[in-house]
Amino acid sequence: MARYTKAEVPAREGAFAGPNNDGSLGIAFIGNFERRAPNKEALDAAKELLEQAVKQAQLVEGYKLLGHRQVSATMSPGEALYALIQQWPNWSEDM
């Protein structure tokens, strides 16, 4: 996993969550995760990214973790991955 200092992280707004882009962090998993979840390395990297974002004040400690389908009309992140992230800390049913 690439490591960035706070100054090195690009300050760009994505377009992954419609009106919820501002103040959010998007994590992309590449693949189809309807039936099979990403590998352990990819999942661990995402968890580490979230931890580092909190440590570097890029995310507040009590952030809400949402799946893409909660903020956009999409099947993303796929059923298998969606089921997993619902078990992660900070998961939220509500926006």
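The values are calculated or read from the model by the stated rules, or taken from the named source; none is laboratory data. In this text, all values refer to a predicted model and were calculated from it rather than measured experimentally. Methodologically, a virtual Cβ is constructed for each residue, glycine included, from the backbone with ideal geometry; neighbour enumeration extends over all protein chains shown.
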Answer with yes or no whether Gln56 is at pLDDT 85 or above and within 14 Å of the chain's Cα centre (by Cα). no
Just to be sure I understand, how many residues within the stretch 57-81 are without any contact (Cβ under 8 Å) to a residue 24 or more places away in the chain and either touching a Leu at 6+ places or on another chain (Cβ under 9 Å) or within 18 Å of Glu41 (Cα to Cα) (or both)? 1
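Residues are listed down the side, and each one gets a yes or a no for (1) assigned to a loop (DSSP other than H, G, I, E, B); (2) closer than 22 Å to Met95 by Cβ; (3) modelled with pLDDT under 90; (4) touching a strand residue (DSSP E or B) at 6+ places or on another chain (Cβ under 7 Å):
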position	(1), (2), (3), (4)
Tyr4	yes, no, yes, no
Ala7	no, no, yes, no
Leu25	yes, yes, yes, no
Met75	yes, yes, no, no
Out of the residues in the stretch 23-56 that are without any contact (Cβ under 8 Å) to a residue 24 or more places away in the chain and basic (Lys, Arg), which is surrounded by the fewest Cβ atoms within 10 Å (Cβ to Cβ)? Lys40
